[in-house]
Every structure is written in C-alpha cells, then in structure tokens.
Amino acid sequence: MTAMAAALVVEEGALEQERSNACVELTILMPCLNEALTLQTCIRKAHAFLTRYGVKGEVVIADNGSKDGSQDIARLAGARVVDVPVRGYGAALIAGIAAAQGKYVIMGDSDDSYDFSRLDAFVDELRAGTQLVMGNRFRGGIEKGAMPALHRWLGNPVLSTIGRTLYGGPAKDFHCGLRGFDREAVLGLGLCCPGMEFASEMVVKASLGGLSLAEVPTTLSPDGRDRPPHLRSWRDGWRHLRFLLLFSPTWLFLYPGLALLIAGLFGELALLPGPLAIGTHALDVHTMLYCAGFAVMGFQLVLFGVMAKVFAVQQGVLPMSKGIRVFLEAFSVEAGLVLGAVMMAGGATLTYASVVAWDHQQFMQFDPRLGMRMAIPAVTMLVVGMQMIFASMFVGVLGLREHARPSTNAGTQSLAVETQGTLASASK
C-alpha cells in the first residue's frame, strides 16, 4: 500500500469515527474511585436504559486511580474508561465530560445510590431543549439510610437556599449527584473546580451564564459500598459554602458593606448636634466613635465588592453583568480622585474648626465631648477620602488590559489542552 493510500485509509477511518461519534445522543458518565462492588450494577442499569428507551448512547467511566480493579470491571461490562490522573470528584467529571461523545451527558455516582435504568425524565427534558436538568431527591424520595440526617435536614437545605438566594434559578437540591446537561453548553462554562464543590460550580455558572434549568424527581437509595463515602460532611460543606460566597462579591462584600456604611453614617449624623437621649439612657461621643468605625468598615467592604467584581469580570471568572458594564462606562479614575479629594478637604475643614475651637480655649484643656464631636467625623472623612482615592487608582489598574485580554480564560485553555492530552493518551 502506497503512503498516499495509507493516508487516505487513515483519513477515511477518522471521518467514519467522527460520523459515528456525531450519532451518539447520550453519554452516561460516572466518576469512579474504587467502586468494584457497585460499578458493574450501575453500568448494567445504564445499558438497560439505553436499550429500553431506544437511545443511541455510551457509558463512560472517569476513573480517578482505582486500586481495586474497577477499570477492568468497567471494560468487561461494556463501558469506556477514561483514566484521570488528577484526583478529585470535579477533576474526574471535567475529564469525563471532555471525553464524552454524546450530545447530552447524564452524570451520576457509581455507588448504586441512583437508578440509571430510570433516566426517562432527564432525557425528555434535554430533548425539549433544557440545558441543565437537575435531579431533586427531596421530591423523588430519600430511602431510609440513604442520606445522613445532617445532610438531609441541615446541609442540603441550607446550602440550596443560599444558592437560590445568591444566584436565582429553580434548583432546590443544589447537590444532587444525578444531573443531565447539554455537553456543549456546559463545556462553554469553563468548569474547573477539582473537588466536591464542582457540584455547586456547575449550577452557579449555569445560572450566571443564562442556561435554561429544570428539576425532575429523583430517588436516592442507600449506596452499595462496604466503606465510608468519599464525601466529608464538614470539610466539603464548608468548601461548597465558600464557593457560593466567593462567586458572589455582591452578597459577600457589597450588601454587608452598605448596611454597615448606612448604619454608621446615620449614627454619626444623629449624634453630631449633641447627645441623643433614648429613654433613661443617653448616647454620646463614645457611640459616635463606634458609628465612625462601622462607616469606615462598611465603605471598605463596598470597595472590596466593587474591586472584586471588576477583577472577576476582567479575569473571565464571572460574566459581565449590566451593573458592572454601566459602572465601567460611567466610572473614571479622575472622578474618583475628585470625590476623594472633596472628602479629605471636608475632613481637613473639620480638623481646622476643632483646632480653632481649641485656640479659643487658649490651647488649654478642651471639653472632650465638643472636641471629639468634630474630630470623629473629621477622621472619618479623611480615611474614607484616602480610601476612595487609592481605590479609584486600583480600579484604573484593573482596567488597563480590558481591551487586550482574550475572551477565553487562560486557565480554561490550559485545562482544555491538558485534558486533550490525557484523552489522547487514554485512547491509545
């Protein structure tokens, strides 16, 4: 066979493989780490569903370095194995999603806690155009012993409520491990969390990215393991909560900051004319000092919120929101410098007034209540003005490369290259 003929055969084989892959509608994806006891059962149920429902699909096992022979069990059961060297629930799923050939992907744990033979509702929603279909275990039923009481009554409800409050959307079971999605839409989200918080990352980024979401009832059964689960309640619960907060600078910094700032300024202004009597008690300069502290802390948190949001958008971590777009279009470093200078000038004026009042006392002992009533707002204005000046310069620094930054996050590109290399090695 000539070299040209050989090349044509290889090219034809590649095209045939590509056509075959294009016909795969559904990939059932399972992350795996030492699941020899339950893996075969899960794969058998998945294949049974594909046959019963008439779906052209595949079963993919994203193995995270099993030492119990799970890989051989999966291959013998008719699944395709993707070896993932990077440890972690999220890392396994990211590699598995990249390797999937289906238009749609349904992912679920390989511990037999979810019934892969009953995926009808997921497929129906996906075919109807929903881009992310979440299972809801509270609607579908949680069998006795399937979920620890701490997770059922505290962890999942609290975290799901926080997630809905911060990001909206219909998901009432943020951490259900059984979910289906449009593969291309989810690949576009740039998912990167390697640990258990991957479950939250997918829902959060889908909500921020404007993907269509829906929930379907899902039954959770006791898993078939003979060992404790990989999930660690307090450690992984904190990681989920931390992720939810860090991805929302508005709720983490801006709203608490505004509350402190308004309360502090209101207190200072109320006490500026003199002591404030409340029943038999009187609030004076000591309360005013604490109000000033609240105002300064609140303003600092507001600045953190703005800077964190701008930075996250510039880095491609968060999508550009209407509020940030309006802020960036309206904000100028010069305007921030002017406002900061005005605040500092006001503080300097009050400082001068307090010195003049002291001069009237011939620089002798000055009534602390009178002196502090001018000194506290003066210091507040000086500090806030200085913060505003330097924060304006910092936001200006963040905007230096706004037009030069590529649209695709560099970290996502690196992860994609690394994943493709891993998949190429796995396919040999």
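The values are calculated or read from the model by the stated rules, or taken from the named source; none is laboratory data. Predicted model, so just to flag it, every value in this text is computed and none were measured. Counting neighbours? That spans all protein chains shown, and the Cβs are built from the backbone with ideal geometry, glycine included. Quick note on the areas: whole protein, heavy atoms, side chains included, nothing else; ligands and nucleic acids left out. Shrake-Rupley method; radii C 1.70, N 1.55, O 1.52, S 1.80 Å.
Numbers below:
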{"item": "Those residues of the range 91-116 which are more than 14 Å from MET30 (Cβ to Cβ) and among the small types (Gly, Ala, Ser), in sequence order", "result": "ALA91, ALA98"}
{"item": "Selection from the range 173-203 of residues that are out of contact with any strand residue (DSSP E or B) (no Cβ under 6 Å at 6 or more places or on another chain), farther than 17 Å from GLY129 by Cα and either open to solvent by 20 Å² or more (accessible area, probe 1.4 Å) or not in a helix (DSSP H, G or I) (or both)", "result": "PHE174, HIS175, GLY177, LEU189, GLY190, LEU191, CYS192, CYS193, PRO194, GLY195, MET196, GLU197"}
{"item": "Failed criterion for VAL60 (all others in (1) in contact (Cβ under 8 Å) with a residue 60 or more places away in the chain; (2) closer than 21 Å to GLY180 by Cβ; (3) aliphatic (A, V, I, L, M) hold)", "result": "(1)"}
{"item": "Counted residues, the range 47-101 - those being hydrophobic (A, V, I, L, M, F, W, C) and open to solvent by 40 Å² or more (accessible area, probe 1.4 Å)", "result": "4"}
{"item": "Breaking point among (1) over 16 Å from the mean Cα position of the chain (by Cα); (2) charged (D, E, K, R); (3) within 21 Å of PRO31 (Cα to Cα), for GLU201", "result": "(1)"}
{"item": "Residues located in the range 131-153, provided they are more than 20 Å from PHE198 (Cα to Cα) and either open to solvent by less than 50 Å² (accessible area, probe 1.4 Å) or not basic (Lys, Arg) (or both)", "result": "PHE138, GLY140, GLY141, ILE142, GLU143, GLY145, ALA146, PRO148, ALA149, LEU150, TRP153"}
{"item": "Boolean, LEU272 is open to solvent by 70 Å² or more (accessible area, probe 1.4 Å) and touching a residue at least 12 places away in the same chain (Cβ under 8 Å)", "result": "yes"}
{"item": "Residue ranges of helices (runs of 4 or more DSSP H) in the range 320-428 with at least 1 members open to solvent by less than 60 Å² (accessible area, probe 1.4 Å), at pLDDT 65 or above and closer than 30 Å to PRO275 by Cβ", "result": "333-360, 368-398"}
{"item": "Criterion violated by ALA312 - all others in (1) modelled with pLDDT under 90; (2) closer than 29 Å to PHE253 by Cβ; (3) open to solvent by 30 Å² or more (accessible area, probe 1.4 Å) satisfied", "result": "(3)"}
{"item": "The listed residue being closer than 24 Å to SER248 by Cα, under 21 Å from the mean Cα position of the chain (by Cα) and part of a helix (DSSP H, G or I), out of PRO157, PRO170", "result": "PRO157"}
{"item": "Hey, ASP120 among the acidic types (Asp, Glu) and open to solvent by less than 20 Å² (accessible area, probe 1.4 Å) or not", "result": "no"}
{"item": "Failed item in (1) in contact (Cβ under 8 Å) with a residue 40 or more places away in the chain; (2) within 24 Å of LEU318 (Cα to Cα); (3) buried (at least 18 other Cβ atoms within 10 Å of the Cβ); (4) not charged (D, E, K, R), with SER160 passing the rest", "result": "(1)"}
{"item": "Residue, modelled with the highest pLDDT, within the range 226-264, restricted to residues that are open to solvent by 70 Å² or more (accessible area, probe 1.4 Å), of a type outside the set (A, V, I, L, M) and in a helix (DSSP H, G or I)", "result": "TYR255"}
{"item": "All positions within the range 102-117 that are crowded, with 20+ Cβ neighbours inside 10 Å and among the polar types (S, T, N, Q)", "result": "SER110, SER113"}
{"item": "Test: ALA277 is of a type in the set (Gly, Ala, Ser) and surrounded by 13 or more Cβ atoms within 10 Å (Cβ to Cβ)", "result": "no"}
